[in-house]
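Q: Pasting a structure here, questions to come.
The values are calculated or read from the model by the stated rules, or taken from the named source; none is laboratory data. The shown structure was predicted, so the numbers you read here are calculated from the model rather than taken from an experiment. All Cβ positions, even for glycine, are placed from backbone atoms using ideal geometry, and neighbour counts span all protein chains on display.
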Amino acid sequence: MDEDISIVNQNTKKLLVKNYIKKNAKKIFAIFIVLIFFLIAYFAIGEFDKRKRLKYAEIYNSIILNSDKFSDQETINKMKLVIYGKVDTYSTLALYYLIDNKLIKDNDKINELFDIIIKINKEEEIKNLIIYKKALYFSDKFTENELLKILNPVLNSESIWKQHALFLMGDFYFNKEQVNKSKEFFLKITELDNVNNKLKIEAEKRLNRDFSE
């Protein structure tokens, strides 16, 4: 008896499923097509990104490995091409190369290129590092407000680069002879949790050396 009931239940379920499929065949087919489309698009985008990364990696490496074969202008053009390609790692390295080798003198252009690589880097700590490097580069060129505007995302975060940003601003104000502001930033370093011990000691040294009465 129980077996008969079980068979009937199974047959009933199969019939319900069969009827549901018949009734909703067009919807099910459409969903299937959409899923296939997204799978194809996903793998196509992945392949496109892979080829794009490889392309700009080759351009970057061709400069690094054969730097003596290119004029300064050729190097600038190729590295800018990598930066505008917006491939996080290689775009970032390309900008650093131009800066380290002093190939671009125009601060407005460097500022623009920094903004590009800050925007394309999605990993938070890498982004914060680039923001810090931008502020460090412009620390003797920008005003107080301009530097603070650059560093605010880091200063208002719990990033490991916050302590370095605080130290940079402490130095900036000290060189501007704004003693109280400088002291404030060095003090903030000593109050941080999980601060780099060497940086904390250096901040304490500065406080004792430069601000003791």
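Q: List every residue pair whose Cβ atoms sit under 7 Å apart, with the two residues 6 or more apart in sequence or on different chains, where the first one lies in segment 99-111 and is on the phi > 0 side of the Ramachandran plot and the second, anywhere, is part of a loop (DSSP other than H, G, I, E, B) and of a type outside the set (Asp, Glu).
A: Close Cβ pairs satisfying both conditions: none exist.
Q: Starting from segment 170-182, keep only residues that are on the phi < 0 side of the Ramachandran plot, then list their pairs with residues that are of a type in the set (Phe, Trp, Tyr) and in a helix (DSSP H, G or I) whose Cβ atoms are within a distance under 7 Å, requiring at least 6 positions of separation or different chains.
A: Going by the 7 Å Cβ cut-off, the qualifying pairs are Gly170/Phe185; Gly170/Phe186; Tyr173/Phe185; Lys181/Tyr173; Ser182/Tyr173; Ser182/Phe174.
Q: Right, Leu95: modelled with pLDDT of 95 or more and within 29 Å of Leu187 (Cα to Cα) or not?
A: Working: modelled with pLDDT of 95 or more: yes; within 29 Å of Leu187 (Cα to Cα): no.
Against the criterion (modelled with pLDDT of 95 or more and within 29 Å of Leu187 (Cα to Cα)), Leu95 does not qualify.
Q: Would a scan of segment 201-213 turn up a residue that is in a helix (DSSP H, G or I), under 25 Å from Lys127 (Cα atoms) and basic (Lys, Arg)?
A: Among the residues of segment 201-213, not one is in a helix (DSSP H, G or I), under 25 Å from Lys127 (Cα atoms) and basic (Lys, Arg), which makes the answer no.
Q: While we're looking at this one, here's another question. Of all residues in segment 138-171 being more than 24 Å from Asn194 (Cβ to Cβ) and surrounded by 18 or more Cβ atoms within 10 Å (Cβ to Cβ), which is farthest from the chain's Cα centre (by Cα)?
A: Residue satisfying both the conditions and the ranking: Phe142.
Q: Right, something else. Here is a check on your reading of the model: is Ile64 surrounded by fewer than 19 Cβ atoms within 10 Å (Cβ to Cβ), modelled with pLDDT of 95 or more and β-branched (Val, Ile, Thr)?
A: no
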